[in-house]
Every structure is written in structure tokens, then in C-alpha cells.
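Accompanying notes for the structure given below.
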Amino acid sequence: MTGENLELSVTRLIDAPVETVWKIATERMEEWWCPRPWTVKIVEQDWRAGGRSAMVMHGPNGEEMPFDGVLLEVTPGKRFVFTDALKIGWHPQGPFMVGTMEFADEGGKTRFTGSARHWTREAYDQHKAMGFEQGWAAVAEQLAALAEAER
């Protein structure tokens, strides 16, 4: 192991309480998960450790990016962690990343942090080149807009 940092992350302060942001993040994923004009269709989100996390992201030009993995951790109001390294039943598959969405109280507002840890430098570089920072920042902005409209 090289000890090399292969994590990409974005953070945003959302002007809404953690409970509101968590509820929207977990119950209304199709409204915020992909940066527009992309959309996502949730196939299954079994909100428990070991539960299936499956979706298909759709691009404006007919692109389709399926994701079928598992949730590694679900701590309500705090964070959820998912990976594509495993599919349901703990069956290994070609890994790309471990994603974490964290929600922390910051004076009645929510500090949202989304991060992706990669197995290899190649996967890290690929995700960065795909527009990780811009894409995940847009997703955080979309989540914020929904949560701030609810407060």
C-alpha cells in the first residue's frame, strides 16, 4: 500500500437542519443525485448495511450508466457509505470507488460532504477527468436547493 491519497471530495454548507437534509437525501434521491441535465432512476435503495444500492443514470444524449452495488454503512442523520466493489450477496465485482455522503450539524445548518475513495490511481484520475468536482458540487447544490426550500 502506497499511502497515496486517492480520495476526491466536495463540501457545502446547507442552510437547513440535518434532519431535513437527511430526509431529502434518502427519500428524494431521484431529484438531486445526478447533475442536471442528467437524471437517475432508482432501481433499489435498501437503506441498511449490506442492502442493495442500484440505479441507472441517464444522460441528455441517451447515455446510460448503471450502478449496482451495496450500502456498507447507514447511520441515520450522519452518513451513508456505498460501493460498487460488491453486489448484493457480497459478490465481488470490478471496483471503482467507495462513496460516502456525510451530514453534520453546524450551528443548525448542515455541513454536507460527499467523497469518493478509489482503489487505484487510474480510477482516481478517471473520476477526476470525468468532472468529479463540478459534478458532485452540482449535486450538493441541487440537494441544498431542495432542503433550503423545505426549512
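The values are calculated or read from the model by the stated rules, or taken from the named source; none is laboratory data. Small disclaimer: the values here were computed from a predicted structure and weren't measured. Counting neighbours? That spans all protein chains shown, and the Cβs are built from the backbone with ideal geometry, glycine included. Note: areas computed on protein heavy atoms with side chains; ligands, DNA, RNA excluded. Shrake-Rupley method; radii C 1.70, N 1.55, O 1.52, S 1.80 Å.
May I ask for the percentage of alpha-carbon pairs in the chain that lie more than 24 Å from each other? Before the final figure, lay out the partial values.
On the way: 3472 of 11325 pairs.
For the chain, the fraction of Cα-Cα distances above 24 Å is 31 percent.
In the assembled protein chains, Ser9 presents an accessible area of approximately 70 Å² (probe radius 1.4 Å). Using a probe of 1.4 angstrom and keeping all protein chains present, the accessible surface of the range 1-114 works out to 53 square angstrom per residue.
Element breakdown for the chain at a 1.4 angstrom probe: carbon and sulfur atoms account for 52% of the accessible area. Taken over the chain, lysine pairs spaced eight or more positions apart, or on distinct chains, with alpha carbons under 27 Å apart number 11.
Stokes-Einstein diffusion of the range 55-137 at 10 °C, 1.306 mPa s viscosity, Kirkwood radius from Cα pairs, rounded to a whole number: 111 µm²/s. For the range 4-55, the convex hull drawn through the C-alpha positions has a volume of 144 cubic angstrom per residue. Averaged over residues, the count of other Cβ atoms within 10 Å places the peptides 127-134, 65-72, 104-111 in the sequence 65-72, 104-111, 127-134, highest first. Size descriptors for the range 35-99: radius of gyration and Dmax over Cα atoms are 12.4, 36 Å. Over the chain, Cα pairs under 8 Å with separation of 6+ residues give a relative contact order of 31 percent.
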